[in-house]
Amino acid sequence: MAENKNEIKFRLTDKFWWWVSNLLGLVASIVLVISIIVSLPFRKYKSMTLRYAVRIISLCIILAVIFSIYIYYFPQQSPEFGNDTKYILVYRGDTVYDIAYKLKQTGGISSEFNFILFSKLLNYSRKLKAGRYAIEPEASFADIFGVLTTGAAVPYNVTIPEGLTVKKTAKLLSGKLSFTEDDLIKACSDRILLDSLSIPTKDIEGYLFPNTYNFFFDESPQSVVSKMLTQFYANLPDSFEQKAKILGLDPYEAITMASLIESEAMLDSERPTISAVYHRRLKIGMRLQCDPTVIYALGSLERPLYSKDLRIDSPYNTYRYYGLPPGPICSPGKASLKAAVNPADVSYLYFVARGDGSHVFTKSNRDHINAKNRIKRNKKLGIFK
């Protein structure tokens, strides 16, 4: 499993030296101002007015330094910020003005002008990095510049559910990370990347393992794909290839079988039984007749499947073509991968959904038709059994 925590994308030594450099700069500035004032030759000024003017100017400089220190090191948040951590997204190409506006909108700062001024004076405007950043309650300008200049980005905690296609996974991630859907889809068919991970197929449908991940906002699609593929192999059941071979399948076919099981099953307890139905159909040369394969062939429908849809001429249409489809139709989870090579010891050939997530399994077509009719009658009565 991926670690489920808010990691910080920078080294602790970076933060230490950032604070040390700021502290040394502050001390040096105060020492310099005091040294100048102490060394002023007040006695050489014959005019009392001029001496008072020098003292007043010196006092103003000290007050200005103290005031600047107060603004920089003490929280300057708006009252509406509240007690909860807020997050801002800094895109590549964002200027200090863009960032100041975002911070002001969240209440993280009360003055855009002050933020921009300090950014310019301290030469931070060119050091602000892209990413997703956490702005804590009571965060000062010093704290905010600290995370923005060291790249202390906070990752998104993203859960990829079982049964998603590559396209749906890309859509889910593009809504949170900086790349587009097309960027991830292209990465999934990047031959150099796939070869480096020993993926022999033309794309990686079925290999994007469903799990909870920590992805950074500016993470590349190649990095995301690599992490998900690593999790796939880390969670592949023991002896997967050997068990698949015993069942007459190669590893890719076994993954395809797992995707069919994933698309049909809602209960873990039923996955081995659904697996047994499909394996038995393959063994006797019977069409698999898996509805989700037709849905996949039609581009992932968002409507009910109609009878006319079952006539589509596609190698993924298991109502027209015998055997497994050419490849996986979704990303299976660990339970479905396990069920694909560990079918239950049963002789069922049919199953029909009750409507509550469970299925009725039968051995003959007559019993299957009777089960379908009974379920239809029960649904009208609001009964699921």
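Arranged from fewest to most other beta-carbon atoms within 10 Å of their beta carbon, Leu173, Leu310, Leu249, Leu63 become Leu63, Leu310, Leu249, Leu173. Full extension of the chain segment joining Ser307 with Asn157 gains 49.9 nm, where the gain is 0.36 nm per residue of separation less the Cα-Cα distance. Partners of Lys380 within straight-line reach, counting lysines whose Cα lies under 22 Å from its Cα and excluding those fewer than 8 residues away in the same chain: Lys372.
Sorted into 10 angstrom bins from 0, the C-alpha pair distances of the range 156-234 split as 20, 60, 20, 0 percent. Proximity of backbone amide H atoms, modeled 1.01 Å from N, is registered between Tyr319 and Gln289, Cys290 at under 5 Å, excluding neighbours fewer than 5 places apart on the same chain. Normalising by the residue count of the range 156-234, find the relative contact order in percent from Cα pairs under 8 Å and 6+ residues apart. Averaging sequence separation for qualifying contacts and normalising by length gives 42 percent for the range 156-234.
Here's the list of aspartates and glutamates a cross-link from Lys334 could span, going by alpha-carbon distance under 16 Å and ignoring same-chain residues fewer than 8 apart: Glu162, Glu205, Asp238, Glu241, Glu253, Glu262, Glu264, Asp268, Glu270. Label sites at Leu197 and Arg126, each approximated as a point 7 angstrom past Cα along Cα to Cβ, lie 3.8 nm apart. Computed extension gain for Ser189 through Phe113, at 0.36 nm per residue and net of the alpha carbon distance, reaches 22.7 nm. Restricting the GluC sites (Glu not before Pro) of the range 253-343 to loop positions (DSSP other than H, G, I, E, B) with no more than 13 neighbouring Cβ atoms within 10 Å leaves Glu302.
Coordinate-derived values only; no laboratory data. A quick note: this is a predicted structure, and the numbers were derived from the prediction, not measured. For neighbour counting, all protein chains shown are included, and Cβ atoms are generated from backbone atoms with ideal geometry for every residue, glycine included.
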